Amino acid sequence: MKYNQNRFSNSVRARPQSRFQSRPKKRFGENIDVSRFIQKASVSAPKIEHKIENSFSDFKFADGLFRNLSARGYVTPSPIQDKSIPAISQGRDLVGLAQTGTGKTAAFLLPLIHKAAKDPKQNVLIVAPTRELALQIESEFRIFAFGSGLFSAICVGGMPIFPQIRSLRANPSFVVGTPGRLKDLAERGILNLASFNNVVIDEVDHMLDMGFIIDIRNILSKLPKERQSLFFSATMPPRIRALVAEFCRNPLMVEIRSGETSKNVDADIIRVRDERSKFDELNKMLSTPEFEKVLIFAETKRSVERLSIDLIKNGFRAGSIHGDKRQRERARALTEFKTLHTNILVATDVAARGLDIDDITHVINYTIPQTHDDYIHRIGRTGRCGKRGKAYTFVH
Ligand code: AMP
């Protein structure tokens, strides 16, 4: 059976609205023009082509690092890697305008691992906006640094601090963390910011959205002046330009548009009368076989939790991630979704930032995103790597 939302939306539109129906509460996102949630995938749309100029062997990485990246299945550098790695290897500061899915993690990890493996005086601090992204970066680090003798510490909130303190005492050359916990550890005198002569700030735009600007400035201002600074961000609003001007030295700007953010996504809206019919409609959708791996966005931590519980009660294999969950629970929900123990993940925007999950067939905006940027970010979780995806947005 194919899910046919048009039939449904027509039938709802035909139904007369009760005069006594209460006005929906004013909510975020209300002033977004819903026609922006409708688009046909345009797989034939011209993509911005980047001519790849280097092969991985051109980067002259140590043999072990080269072996690790080959074992990881990397054959050709992605555009951001092709353009950034030579500059980073020369020691230049860099601002990468690229989003998740472009290969930006390896673009900074590979040359920094090479640098630190050659020179034990190099220490690298990597700051990410969310715990999940920090954990993802650290697990990539472990794969690439295998056999190099380099090791790392993870410093993120929502996890016990004492194991993190213990791992910092072992003097790792790579520390990956979220701003709040890093600042906390620095204030306790356990993390010596002055020892990091390399810094990566990942997803700077999301850091600012999440209110981390003060923490980031605080961390950056305590690093040594002589250092290499790498900033990555999907967008470059004036506040980020100012941060770059203050904390980077003559950075090379590398802009990569993945060209697949939403081009491969069929997007449509689903009109519903009220919360009840919205939930019924969601159940109908999820019961059709084509909804194989579904990411559902809702607005608040509570509504995410509620929705996942209601779906489980209705017999679906659903999990959830949001900021009120313990780190362990969030990681478990994510692994279960990645390995298809569950096929539905309900998430808040913040918890889903930067997640790299394969083969999501559908993104459902159970609530309207607050901004168009959030919308683009949400639907970009599907239709990745040249595949087609579908996105539906519920509107009242
Ligand atoms: P990122 O944008 O860093 O989150 O990377 C997105 C995905 O692309 C990850 O699953 C990476 O392992 C993968 N990836 C990154 N670079 C390459 C490459 N050169 N070849 C193949 N896969 C890659």
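The values are calculated or read from the model by the stated rules, or taken from the named source; none is laboratory data. The model shown is predicted, which means the values in this text are computed figures rather than measured ones. Backbone-built Cβ (ideal geometry, glycine too); neighbour counts: all protein chains shown.
Could you look through the range 63-77, keep only residues that are within 10 Å of the ligand (Cβ to nearest atom) and either of a type in the set (A, V, I, L, M) or touching a residue at least 24 places away in the same chain (Cβ under 8 Å) (or both), and pick out the one that is nearest to ALA107 (Cα to Cα)?
PRO77
Quick grid of which residues meet (1) at pLDDT 90 or above; (2) more than 28 Å from ILE113 (Cβ to Cβ):
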position: SER233; (1), (2): yes, no
position: ARG249; (1), (2): yes, no
position: LEU252; (1), (2): yes, no
position: ASP266; (1), (2): no, yes
position: SER277; (1), (2): yes, yes
position: SER308; (1), (2): yes, yes
position: ILE312; (1), (2): yes, yes
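Looking at LEU109, LEU135, which is the one that is more than 30 Å from ASP324 (Cβ to Cβ) and not polar (S, T, N, Q)? Working first, answer last.
Details: LEU135 fails: more than 30 Å from ASP324 (Cβ to Cβ).
LEU109 is the lone residue from the list that is more than 30 Å from ASP324 (Cβ to Cβ) and not polar (S, T, N, Q).
Among ILE161, ILE126, ILE143, which is in contact with a helix residue (DSSP H, G or I) (Cβ under 7 Å, 6 or more places away or on another chain), of a type outside the set (S, T, N, Q), surrounded by fewer than 20 Cβ atoms within 10 Å (Cβ to Cβ) and modelled with pLDDT of 95 or more?
Of ILE161, ILE126, ILE143, the one residue that is in contact with a helix residue (DSSP H, G or I) (Cβ under 7 Å, 6 or more places away or on another chain), of a type outside the set (S, T, N, Q), surrounded by fewer than 20 Cβ atoms within 10 Å (Cβ to Cβ) and modelled with pLDDT of 95 or more is ILE143.
Return only the number of the condition from (1) over 21 Å from the mean Cα position of the chain (by Cα); (2) in a loop (DSSP other than H, G, I, E, B) that GLY323 does not satisfy.
(1)
Restricting to the range 191-218, what's the tally of residues that are surrounded by fewer than 23 Cβ atoms within 10 Å (Cβ to Cβ), touching a strand residue (DSSP E or B) at 6+ places or on another chain (Cβ under 9 Å) and of a type in the set (Val, Ile, Thr)?
Result for the range 191-218: 1.
Applying the selection to the range 326-354, what residues are under 14 Å from PHE297 (Cβ atoms), part of a helix (DSSP H, G or I) and among the aliphatic types (A, V, I, L, M)?
Result: VAL350, ALA351, ALA352.
Of the conditions (1) in contact (Cβ under 8 Å) with a residue 60 or more places away in the chain; (2) surrounded by fewer than 14 Cβ atoms within 10 Å (Cβ to Cβ); (3) over 25 Å from the mean Cα position of the chain (by Cα), LYS60 clears all except one; give me its number.
(1)
With the requirement that a residue be more than 17 Å from MET285 (Cα to Cα) and surrounded by fewer than 18 Cβ atoms within 10 Å (Cβ to Cβ), what does the range 310-332 give you?
The answer is GLY323, ASP324, ARG326, GLN327, ARG328, GLU329, ALA331, ARG332.
Can you spot a residue in the range 110-117 that is within 12 Å of the ligand (Cβ to nearest atom) and surrounded by fewer than 22 Cβ atoms within 10 Å (Cβ to Cβ)? Can you show your working first?
If we filter the range 110-117 for residues that are within 12 Å of the ligand (Cβ to nearest atom), which is where we start, we get 110.
Checking which are surrounded by fewer than 22 Cβ atoms within 10 Å (Cβ to Cβ) leaves us with none.
No: zero hits.
Pick from the range 87-104 the residues that are in a helix (DSSP H, G or I) and at pLDDT 95 or above: which of them is surrounded by the most Cβ atoms within 10 Å (Cβ to Cβ)?
Ranking the candidates gives ILE88 first.
Restricted to the range 78-106, and to residues that are aliphatic (A, V, I, L, M) and more than 7 Å from the ligand (Cβ to nearest atom), which residue is farthest from GLN136 (Cα to Cα)?
ALA87
Residues in the range 48-62 that are more than 13 Å from the ligand (Cβ to nearest atom) and either modelled with pLDDT under 90 or in contact with a Gly (Cβ under 6 Å, 6 or more places away or on another chain) (or both): how many?
Qualifying residue count for the region: 3.
Answer with yes or no whether THR361 is over 17 Å from GLU292 (Cβ atoms) and away from the ligand (no atom under 16 Å from the Cβ).
When the stated conditions are applied, THR361 does not pass them.
Here are some residues: ILE296, ILE368. Which one is more than 19 Å from ASN264 (Cβ to Cβ), at pLDDT below 95, buried (at least 20 other Cβ atoms within 10 Å of the Cβ) and more than 16 Å from the ligand (Cβ to nearest atom)?
The unique qualifying residue is ILE368.
Taking into account only those residues within the range 357-386 that are among the acidic types (Asp, Glu) and in a loop (DSSP other than H, G, I, E, B), which is farthest from the chain's Cα centre (by Cα)?
Result: ASP359.
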